[in-house]
Amino acid sequence: MEIMNFNKKKRKILIPSLCIISIIYIFVATHPVKPELSLTPEWTVDISNVQESTAKDLIPYRLGQSIGYFTNDGKVVSNVTFPFKASISESRYTTYTPDNKAAEFFNADGSKAGVLEEDGFPFFQDNKIYVMKPGGTSFARFDSNGKKIWDFEYYAPITAFNTSKNATVAGYADGTIISFDEKGNIDQKFTPGGSSVEVILGAAVSDDGKRIACICGQDKQRFVVAERNGNHSKIVYHEYLPSELKRQTLVKFNKTSDVVYFNYSNGLGILDLATSKCYKLPVYGKISQIEFSSSGLIFVLSKNLSTYKVSVLEPLKYPLASFEFFGKTAFIQIKDKNLFVGCDSKISKISISRK
């Protein structure tokens, strides 16, 4: 049996360059890939070392009570600390207080973008701006200048929320899931059911808005995928999960919306919608991010107790490689053929290649 490995030279470079974020080891799975996957460290920086840069393509980070942006060549261009909460995306960021009545928000370069004149907590995802209103049952959508586009009110608390290129989806404590088009019109609304206690713990919507995936219920918890069918939603896949979560969880479509990834208790589910075949991989702890590279690789960030793990997957296949490190807070970002790993106050760049 052939085992893919990093050569000794690379291992000597990798461990010192990432030792600041407490790398424990690199483990490579037993499924060989030809050519071999190579992860090569490039640099490590501290977010306190802020430098000027004229770069336009800035990469966002969030570590503990700090947010900001950095460049591909390792310059941290901003480091904003906040006492309560913040939200950041590739294009803009904001900070806010527990009794927030309005919030200034800023472009990635630090220039003021506008003011969100709405009670509640701002939420930025991709290039979209929302405010989750007091009471937790309603939200509003805003344009890039801070002008309200539409809002929606419901009676049950929001327990899951997500967005895609052309749609928004919200799941509620009563087990209802609702998706919206870009104008705020309800596109789909249904209750998956099938459990003793109805609640939506995680949800995602495809880029075209036609498909919704969710983790729902307590006592017979299910993973469900529904598809718009005329004026109705038709369940095209469902399964009862082997063990149950009692917290919010991650559900995410891939870039082409034909594969769904979902975090269930101690595992990662991968559903191929073309074949309705679902693959299961053991992942202990909570998955906080799933990111896709331009080369087709999938990167998964999970945390079990105080140990973070980054797993590298191929679509619908077993893991190629993974590494672990200790930390209080972490993130991953993928840009072109580079993996960026942040932990506590450090950010490291690792180039991805096949050799």
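The values are calculated or read from the model by the stated rules, or taken from the named source; none is laboratory data. A quick note: this is a predicted structure, and the numbers were derived from the prediction, not measured. Here the Cβ positions follow ideal geometry from the backbone for every residue, glycine too, while neighbour counts run over all protein chains shown. Just the protein is used for accessible areas: all its heavy atoms, side chains included, with ligands, DNA and RNA removed. Shrake-Rupley method; radii C 1.70, N 1.55, O 1.52, S 1.80 Å.
For first residues located in region 189-214 and touching a residue at least 12 places away in the same chain (Cβ under 8 Å) and part of a loop (DSSP other than H, G, I, E, B), partners that are open to solvent by 20 Å² or more (accessible area, probe 1.4 Å) and of a type in the set (Lys, Arg) and lie 6+ apart or on another chain with Cβ distances below 7 Å form the pairs 194/220; 195/220; 196/220; 207/165; 210/228. Checking the condition at pLDDT below 95 and either closer than 23 Å to residue 167 by Cα or crowded, with 20+ Cβ neighbours inside 10 Å (or both), which residue from 99, 57, 126 passes? None of the other options fit; the residue is 126. The condition (being open to solvent by less than 10 Å² (accessible area, probe 1.4 Å), in contact with a Cys (Cβ under 7 Å, 6 or more places away or on another chain) and in a strand (DSSP E or B)) is satisfied by just one residue among 310, 224: 224. Answer with yes or no whether residue 292 is among the aromatic types (Phe, Trp, Tyr), open to solvent by less than 60 Å² (accessible area, probe 1.4 Å) and under 14 Å from the mean Cα position of the chain (by Cα). The answer is yes for residue 292. Checking each residue in region 259-312 for being closer than 16 Å to residue 245 by Cα and β-branched (Val, Ile, Thr) picks out 283, 287. Taking residues in region 215-236 that are farther than 21 Å from residue 261 by Cβ, and partners anywhere that are surrounded by fewer than 18 Cβ atoms within 10 Å (Cβ to Cβ) and of a type in the set (Val, Ile, Thr), the pairs with Cβ atoms closer than 7 Å and at least 6 places apart or on different chains are 218/197; 219/197.
Would region 264-272 turn up any residue that is open to solvent by less than 40 Å² (accessible area, probe 1.4 Å) and of a type in the set (Asp, Glu)? Yes, that holds for at least one residue.
Which of the following residues is among the polar types (S, T, N, Q) and surrounded by 15 or more Cβ atoms within 10 Å (Cβ to Cβ): 91, 144?
One residue alone meets the criteria, 91.
Going by the structure shown, is residue 52 closer than 15 Å to residue 111 by Cα, at pLDDT 95 or above and either aliphatic (A, V, I, L, M) or open to solvent by 50 Å² or more (accessible area, probe 1.4 Å) (or both)? Considered against the rule, which asks whether it is closer than 15 Å to residue 111 by Cα, at pLDDT 95 or above and either aliphatic (A, V, I, L, M) or open to solvent by 50 Å² or more (accessible area, probe 1.4 Å) (or both), residue 52 comes out as no. One residue is enough: does region 129-137 have a residue meeting the conditions open to solvent by 60 Å² or more (accessible area, probe 1.4 Å) and in contact (Cβ under 8 Å) with a residue 24 or more places away in the chain? No: region 129-137 contains no residue that is open to solvent by 60 Å² or more (accessible area, probe 1.4 Å) and in contact (Cβ under 8 Å) with a residue 24 or more places away in the chain.
The condition (being surrounded by fewer than 16 Cβ atoms within 10 Å (Cβ to Cβ) and closer than 29 Å to residue 152 by Cα) is satisfied by just one residue among 118, 104: 104. For region 69-88, give me the residue count where each residue is touching a residue at least 24 places away in the same chain (Cβ under 8 Å), under 15 Å from residue 332 (Cα atoms) and open to solvent by less than 60 Å² (accessible area, probe 1.4 Å). Total meeting the criteria: 4. Considering region 188-221, the residues that are among the polar types (S, T, N, Q) and more than 13 Å from residue 172 (Cβ to Cβ) include one that is most open to solvent (accessible area, probe 1.4 Å), namely 196. In this entry, residue 165 passes the filter for residues that are in a loop (DSSP other than H, G, I, E, B), within 30 Å of residue 55 (Cβ to Cβ) and touching a residue at least 12 places away in the same chain (Cβ under 8 Å).
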